[in-house]
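Q: Before I ask anything, let me first share the structure, which is written out below as structure tokens.
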Amino acid sequence: MTVLHELVQVERTFSAPLEQVFSAWQDSEALGRWYLPGDESWSSEVVEHNFRVGGVKRLTFGPRGEIPYSEDCRYEDIVINERIVYTMTVAAGTQRLTASLVTIELSGTGSGTRVLMTDQLAILDGGDTAEERRQGWVEVLDRLQDVLGA
């Protein structure tokens, strides 16, 4: 039984307004369109999304036809148009892979919105790597950019 602690950060600047970027995290329908790592062979389903402090976000994702990954989150802090903080666990089937604290910081840039995602990651029993998690976040934020058209 091992645990490895890693810090993953990904920063993006979108040309969309701050309120639109924040809304993409808040709105369940919008979230379902972009919050997905992987390539076109992957799918995602938002199972539950209660965007409030103490609320939960649950989803499944992964390559079609394979045992899905699950993500279970609890919102710990939300400051409208500024910050979203949530705890997150990811499992493959019944095997828990990671536990982490995710912070999304948003700020206006004058011409758009800067997003800094910080994932303070505990990798359980070699179930993931910091580089794989970073790549997943890059793919997620690429899809956000596509949805925002920014």
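Q: State all residues of the stretch 103-127 that are in a strand (DSSP E or B), in contact (Cβ under 8 Å) with a residue 60 or more places away in the chain and either aromatic (Phe, Trp, Tyr) or more than 13 Å from Glu6 (Cβ to Cβ) (or both); if no residue qualifies, say none.
A: Result: Ile104, Leu106, Ser107, Gly108, Thr113, Arg114, Val115, Leu116, Met117.
Q: Still on this structure, please answer the following. Has the stretch 80-102 got at least one residue that is in contact with a Ser or Thr (Cβ under 9 Å, 6 or more places away or on another chain), over 24 Å from Thr129 (Cβ atoms), touching a residue at least 40 places away in the same chain (Cβ under 8 Å) and of a type in the set (A, V, I, L, M)?
A: yes
Q: Give the residue, chosen from Val90, Val102, Val53, that is surrounded by fewer than 16 Cβ atoms within 10 Å (Cβ to Cβ) and modelled with pLDDT of 95 or more.
A: Val53
Q: I need every pair where a residue in the stretch 16-31 that is more than 17 Å from Asn50 (Cβ to Cβ) has its Cβ under 7 Å from the Cβ of a residue that is assigned to a helix (DSSP H, G or I) and at pLDDT below 95, sequence separation at least 6 or different chains.
A: Note: pairs meeting the criteria are Ala16/Leu148; Gln20/Leu148; Val21/Leu148.
Q: Mind checking whether some residue in the stretch 120-139 is among the β-branched types (Val, Ile, Thr), closer than 26 Å to Ser15 by Cα and in contact with a Cys (Cβ under 9 Å, 6 or more places away or on another chain)?
A: No: the stretch 120-139 contains no residue that is among the β-branched types (Val, Ile, Thr), closer than 26 Å to Ser15 by Cα and in contact with a Cys (Cβ under 9 Å, 6 or more places away or on another chain).
Q: Quick check on this structure: which one of Ser70, Ser107, Ser43 is touching a strand residue (DSSP E or B) at 6+ places or on another chain (Cβ under 6 Å) and within 28 Å of Thr129 (Cα to Cα)?
A: Ser70
Q: Working only within the stretch 1-12, note down all residues that are of a type outside the set (A, V, I, L, M, F, W, C) and either modelled with pLDDT of 95 or more or buried (at least 16 other Cβ atoms within 10 Å of the Cβ) (or both).
A: Correct list: His5, Glu6, Gln9, Glu11, Arg12.
Q: In the stretch 109-120, is there at least one residue being over 15 Å from the mean Cα position of the chain (by Cα), surrounded by 15 or more Cβ atoms within 10 Å (Cβ to Cβ) and under 24 Å from Glu48 (Cα atoms)?
A: No, the stretch 109-120 contains no residue that is over 15 Å from the mean Cα position of the chain (by Cα), surrounded by 15 or more Cβ atoms within 10 Å (Cβ to Cβ) and under 24 Å from Glu48 (Cα atoms).
The values are calculated or read from the model by the stated rules, or taken from the named source; none is laboratory data. Everything numeric in this text was worked out from a predicted model, so none of it was measured. Heads up, the Cβs are rebuilt from the backbone with ideal geometry, glycines too, and the neighbour counts pull from every protein chain shown.
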